Amino acid sequence: MKQLDNNFLYTFRRYHGKFTPEALAFNANLQEFATRITYICNLQTNGKLSAEESYQQINALWEQVKRSYSALGIGTDVAD
């Protein structure tokens, strides 16, 4: 039952782009980012987080996505 709950809360979609391990990892990071942003926005909308707290959390998540993008080498053209 615990796994079912986890799948409901953290849904992930299949990756449909050109497969590379880096692109797949970044896609998973991006999906997690989107899920967390949704939760933060919902908490802020319902008054559980202030606008400032929400902004700080979203900004921190965005910095993680940018670091992930750079660390995985996404967007760099490497000649084979």
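Observations
- Residues that are over 30 Å from Glu22 (Cα atoms) and either loosely packed, with under 13 Cβ neighbours inside 10 Å or in contact with a Leu (Cβ under 8 Å, 6 or more places away or on another chain) (or both), drawn from the range 39-66: Asn42, Leu43, Thr45, Asn46, Gly47, Lys48, Leu49, Ser50, Ala51, Glu52
- Pairs where the first residue, in the range 59-80, is of a type outside the set (D, E, K, R) and the second is in a loop (DSSP other than H, G, I, E, B) and modelled with pLDDT under 95, C-beta under 8 Å, 6+ apart: Tyr69/Gly75
The values are calculated or read from the model by the stated rules, or taken from the named source; none is laboratory data. Everything quoted here is computed from the prediction, not taken from an experiment. Note that we place each Cβ from the backbone using ideal geometry, even for glycine, and neighbour counts take in every protein chain shown.
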